[in-house]
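The values are calculated or read from the model by the stated rules, or taken from the named source; none is laboratory data. Predicted model only: the values in this text are computed from it and were never measured. So basically every Cβ, Gly included, is an ideal-geometry build from the backbone, and we count neighbours across all protein chains shown. Accessible surface is based on the protein model in full, side chains and every heavy atom, while ligands, DNA and RNA are left aside. Shrake-Rupley method; radii C 1.70, N 1.55, O 1.52, S 1.80 Å.
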Amino acid sequence: MLQVKIEPLILVIFGASGDLAKRKLLPAIFDLYHQEYLPENFVVLGVSRTRWTDEQFRDDVFFHSEFMKLDEVPDEVKTSFGDRLFYQAIDTNSMEDYRMVKDRLDSLDTQFQTAGNAIFYLSTPPVLYDKIPEYLAHFDLNRKPGSYRRLVIEKPFGNDLASAKALNISLKKHFDEEQIYRIDHYLGKETVQNLLVTRFANGVFEPLWNRNYIHHVEITNAEEIGVGLRGGYYDTSGALRDMLQNHLMQVVAHVAMEPPISPSATSIRNEKTKLFESLRPIAETEVAKYTVRGQYMASRIRGETVKGYREEERVPADSKTETFVAVKFFIDNWRWSGVPFYARTGKRLPTRVTEVCITFNQPPHTLFRRQQEMFESANNQLVIRIQPDEGLLLRFGMKVPGEGFHVKNVGMDFHYSDLSENNVPEAYERLLLDCMKGDATLYAHGDSVEYSWEFVEPILDAWKNDATIPIYGYPSGSWGPEVADNMIEPGVLSWRNPCRRLTEDTTCCEL
Ligand SMILES: NC(=O)c1ccc[n+]([C@@H]2O[C@H](COP(=O)([O-])OP(=O)(O)OC[C@H]3O[C@@H](n4cnc5c(N)ncnc54)[C@H](OP(=O)(O)O)[C@@H]3O)[C@@H](O)[C@H]2O)c1
């Protein structure tokens, strides 16, 4: 049940005719409304260039949207939500047109008594991320005494360090940091938030969470699909920018940050920023040693032929954009000194999965070595599954019943699905609700976004400038370039190759 009351408000969605608004935002807003999280005095105002009326907007994004699950919803709930949807067509690139937004906001505010509160959600292409705030400010829509005005910015936040800095500077001309909510939808995932609870609410884990007990940390994000129809966009981005710089680095921050002094937004965001500051920079000259990049190639997966990346629509035949990246890095602070972190992400891998795997050190002396042929790797592992089959798995050695001391790795597992009485909210529901409450804990701070760009920038530069750094082809459906398999301890320890099911290793996803 909601603990903080949501104040009346108008949620203004720029780019309301787009894919994200229709597929994610409106369904999330409707779910919140249906679950009675939203106040009576609540209105959505969609803004885009498409010449829609209020009715056309309601039909397209709500009543006849394929993304809305309305079958079991009582008619009065549908009608009452539909009555709260409004639309204003403007040329979003033209400052003068924002007068229409102002007029519409004023009239909706009067009609629905929304107390002057407004959230501006920028769900547009990034070219508009600096213009819209400037144009809103031109009509004094950025601040209203006695009310709140907030700005939500979708990803990507910049394309490199310089553009992220420039965007922060531009936004802060018109909005204070406290008004700016930078979305990273990974932070809205329950399982990412649960990383903090796993660490800081359990006496059993926290004492082990440091260089004395942890051998290394892996973060794997795998997608089964290729770039599909998004080749044009993806080719300007690549795996490092699209996934690692933002989502995976936020996961790293949750795994590695120091305990915050309280669960407040400021405390958590401060600790995350400190963590990003402690990342050991990878110099351009070291990039070949610490990173592996790859591109998926044509292959047959479960009897079907799939295209290679360079054959995808709108991808140049000589593209050097990576669809796979693996990075080894270190965190230079007291807790993590000397502990390697490994993060990898890729498309056309064997399955869709995101997880963190903490591998603990072996015991100082192994009593059971004589039974070598029956001795499985004794490194205990804690696997924190972010998606799918969300949960935790602890792997440790057990004696095989019978003579001698034969050791076998077994697992203890917890699955979120077992908590069936709890409805796990969609990431966008949680993030929208938090913004309405004024809680920025799960949004990225401007400084941490810049630090994270600072970390990946030399990698991007080296890949661009040094033609000797290879880009490896890997067969679609494999775990990326073979050379990445040897990043951890060649011949001794490699990545945990996860399966869709938490408790299985990759063998259950074999192609
Ligand atoms: N889609 C996703 O799943 C997803 C996930 C994460 C982040 N994002 C980010 O969220 C933002 C919105 O995503 P989206 O997929 O909804 O984007 P989109 O469909 O490409 O664009 C959203 C809307 O912006 C308007 N627009 C497009 N180009 C424009 C231009 N040059 N100038 C002014 N307006 C323009 C269009 O509406 P009008 O033509 O009606 O103005 C369009 O419907 C993007 O920045 C994207 O990176 C999307």
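Restricting the trypsin sites (Lys or Arg not before Pro) of the stretch 242-347 to loop positions (DSSP other than H, G, I, E, B) with no more than 11 neighbouring Cβ atoms within 10 Å leaves 302. Placing unit charges on each Cβ (+1 for Lys and Arg, -1 for Asp and Glu) gives the stretch 268-384 a dipole about its Cα centre, and among 321, 333, 357 the Cα reaching farthest toward its positive end belongs to 357. Remark: the chain carries 45 Å² of accessible area per residue (probe radius 1.4 Å; ligands, DNA and RNA excluded). Every helix of 4 or more DSSP H residues in the chain counts as -39500 (n - 2.57), and over all residues that averages to -7500 deg cm²/dmol at 222 nm. Here the gap between residue 405 and residue 50, fully extended at 0.36 nm per residue and compared with their Cα-Cα distance, gives a gain of 120.7 nm. Taking other residues whose beta carbon is less than 10 angstrom from the beta carbon of residue 345, and scoring Lys, Arg as +1 and Asp, Glu as -1, yields -1. Taking 0.36 nm per residue of sequence separation and removing the Cα-Cα distance, the residue 144/residue 283 pair yields an extension gain of 45.4 nm.
Between the stretch 85-122 and the stretch 187-204, what is the C-alpha centre distance in whole Å? If we compute the Cα centre of each part, the gap is 38 Å.
Each listed q (0.21, 0.33 Å⁻¹) maps to a log10 I(q)/I(0) for the stretch 123-169 from the Debye sum over equal C-alpha point scatterers, namely -0.77, -1.24.
Distance between the modelled labels on residue 36 and residue 67, one decimal in nanometres: 2.7 nm (7 Å Cα→Cβ projection). Relative contact order of the chain: 16 percent, from C-alpha pairs under 8 Å at least 6 residues apart in sequence. Considering only 502, 203, 488, the residue lying farthest towards the positive end of the dipole of the chain is 488, judged by Cα position with unit charges set on Cβ. Would you please give the FRET efficiency between residue 96 and residue 230, computed as 1/(1 + (r/R0)^6) with r the Cβ-Cβ distance and R0 = 41 Å, to the nearest 0.05? For R0 = 41 Å, the calculated efficiency reads 0.80. Annotation for residue 178 and residue 258: the two label points, set 7 Å from Cα along the Cα-Cβ direction, are 2.5 nm apart. A simple spin-label model places the labels of residue 165 and residue 267 3.3 nm from each other, with each point 7 Å out along Cα-to-Cβ. I'm a student and want to see the number: the projected area of the Cα convex hull of the stretch 231-309, averaged over all directions, in nm². Orientation-averaged projected area of the Cα hull: 8.3 nm². Normalised by residue number, the volume inside the convex hull of the Cα atoms of the stretch 102-240 is 210 Å³ per residue. For the chain, carbon and sulfur atoms together expose 51% of the accessible surface, with a 1.4 angstrom probe and every protein chain in place. Distance from the alpha carbon centroid of the stretch 231-285 to that of the stretch 140-175 works out to 19 angstrom. In plain terms, if you count all Cα to Cα distances in the stretch 65-144 and split them into 10 Å steps from zero, the share in each step is 14, 40, 29, 15, 1 percent.
The convex hull built on the alpha-carbon positions of the chain has an orientation-averaged projected area of 26.6 nm².
A Cβ-based charge dipole, computed about the Cα centre of the stretch 380-511 with Lys and Arg at +1 and Asp and Glu at -1, lands at about 460 debye. Cα convex hull, the stretch 29-109: 100 Å³ per residue, rounded to a whole number. Rg over Rh for the stretch 405-497 works out to 1.11, using Cα positions for both radii and the Kirkwood form for Rh.
What stretch of the chain, leaving out the sites themselves, is the longest with no GluC sites (Glu not before Pro) in a DSSP loop having at most 11 other Cβ atoms within 10 Å? Result for the longest clean stretch: 73-312.
Sorted largest first, the principal axis extents computed over the alpha-carbon atoms of the stretch 9-154 equal 44, 31, 24 Å.
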